[in-house]
Amino acid sequence: MSRTIQSIRGMHDVLPDEAGRWQAFECIVRQLMPVYGYREIRTPAVEPTDLFCRSIGEVTDIVEKEMYTFEDRNGDRLTLRPEGTASCVRAGIEHGILHNQVQRLWYMGPMFRHERPQKGRYRQFHQFGVECFGIATPDIDAELIILTARLWRNLALDGIRLELNTLGSNAARAAYRDVLVDYFNSHRDALDEDSQRRLDSNPLRILDSKNPAMQSLIVAAPALMDYLDAESVDDFAVLKNYLDDAGIGYSINPRLVRGLDYYCKTVFEWVTDRLGAQGTVCAGGRYDGLVEQLGGRATPAAGFALGIERLLALCERDAAEIDHGASDIYLLLQGGAASRSGLKLAERLRDEFPVLRLISNCGGGSFKSQIKKADKSGSRLALILGEHELAADTVTIKYLREDREQVSIARRELNEFISQYFQIR
């Protein structure tokens, strides 16, 4: 007997009991983004491999170890996208929507990295990301951070703290790079294999090492803040003033460099202690050189991305009140005539009250079994339609979440009752 086929390690199904939470999060996002003037963009899940080698950086864990890369039947090298920013930039250049324009874009969808699966880190994971092109001033950096803070409020989340840093301009980073190389070269024997390999190609990435044996060496390294250009210092000060004015607390983390090569100036992470090792909830920053690096004209840009699985795990851990798609009304139908009349009534109510979620019982069943289904659906009300109600042209209303006696009302009064009960104008 053949073994049953299972999902690929690190790639998970979202079952119906969980899908409601995903839909609720997606609904919150779709309501929030137009408030800030952001529009959705959708890009392919498969891109040319060179897009990520040129944007993320060839000497990064993502490109070197984690990308799902293959050769198609035409001999082209293709990659399942490991992140969304590079695809947004590619699409913007290809369709001519970036140069001398301001574009506020957002996206949501699956990404792929061949990592060691653990809680909060999967091989297929989903990101929500926001990118803004065409604004060079730090007010847009502040807006992105303020937007994420509002998202936490909308999700009723707390215990998430903001860490900030600035990487400076490309020129400042180049000067700092030489200092950093000299420092780590003088301690070369203390570097692990990955850090020795990065010393010549990308020494800033050494600061991002999680190797416990290297932490004292990293802490003692020269600080980038001491080598910043005047413009980067001023921009960072302005950003902090904006956040202070908005009442958003933060801490400066001089070792925060982010894992992607395209960042410059502002970088930030929202972190938590409530998810174990996977503490970063949301991360982003400015990447002014990426559009030009990928073949477009020089365009300032900033953005962020967050892992949806990790965020929903935090919502679950904090018991955050996120509406996961429970029904509002469950229609119980007793008898063949009631079933026929009930389907018609359900459609009329859906026409009259499109904001409400109504489940009409299908498949028959005893009154007791239907009540159990109604309760399990999360509905606040059960509408009961049986032979007695059909004869009297009434509907019986049973309160499922309140200690109140059920009542019968005339069918013609049902719309007014629902409007008042759910406070629908």
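No value in this document is a laboratory result; all are computed from the given coordinates. Note that the coordinates shown come from a computational prediction; the quantities given were computed from them, not determined experimentally. A quick note on method: Cβ atoms are made from the backbone with ideal geometry, for glycine too, and the neighbour counts reach across all protein chains shown.
Near Lys398, which lysines are there with a Cα under 29 Å away, not counting those fewer than 8 places off in the same chain?
Straight-line reach from Lys398, under 29 Å: Lys344, Lys368, Lys372, Lys373, Lys376.
Under the definition of Cα pairs under 8 Å and six or more residues apart, what whole-number percent is the relative contact order of the chain?
Averaging sequence separation for qualifying contacts and normalising by length gives 16 percent for the chain.
Can you tell me the order of 71-83, 283-295 when each peptide is scored by its average per-residue count of other Cβ atoms within 10 angstrom, highest first?
Highest-to-lowest ranking by the protection proxy: 283-295, 71-83.
Helix-derived [θ] at 222 nm for the chain: sum -39500 (n - 2.57) over DSSP H runs of at least 4, divide by residue count, nearest 500?
Calculated at 222 nm, the ellipticity per residue is -11000 deg cm²/dmol.
Just for region 329-421, what percent of DSSP beta bridges are antiparallel, to the closest 5?
Expressed as a percentage, antiparallel bridges in region 329-421 total about 50.
Quick one: Cα centre-to-centre distance for region 343-369 and region 1-52, in angstrom?
Between the Cα centres of region 343-369 and region 1-52 lies a distance of 30 Å.
First check a/c for the chain, with a ≥ b ≥ c the square roots of the eigenvalues of its C-alpha gyration tensor; if it is under 1.5, answer rounded, and if not, answer prolate when a/b is larger than b/c or oblate otherwise.
prolate
Any idea what angle helix 367-376 forms with the longest principal axis of the chain, computed on alpha-carbon atoms, 0 to 90 degrees, nearest 10?
Long axis of 367-376 versus the principal axis of the chain: about 20 degrees.
State to the nearest 20 debye the size of the charge dipole of the chain about its Cα centre, where the only charges are +1 on K and R beta carbons and -1 on D and E beta carbons.
Rounded to the nearest 20 debye, it is 1480 debye.
Just to confirm the filter: which chymotrypsin sites (Phe, Trp or Tyr not before Pro) across region 32-138 are DSSP coil and have at most 13 other Cβ within 10 angstrom of their Cβ? Please list the in-between numbers first.
Values: sites: Tyr36, Tyr38, Phe52, Tyr68, Phe70, Trp106, Tyr107, Phe112, Tyr122, Phe125, Phe128, Phe133; in loops: Tyr38, Tyr122.
Those that pass, being in a loop and sparsely packed, number zero.
For Leu356 and His99, calculate 0.36 nm times their separation in residues minus their Cα-Cα distance, and state this gained length in nm to one decimal.
Extra length from Leu356 to His99 when fully extended: 88.2 nm.
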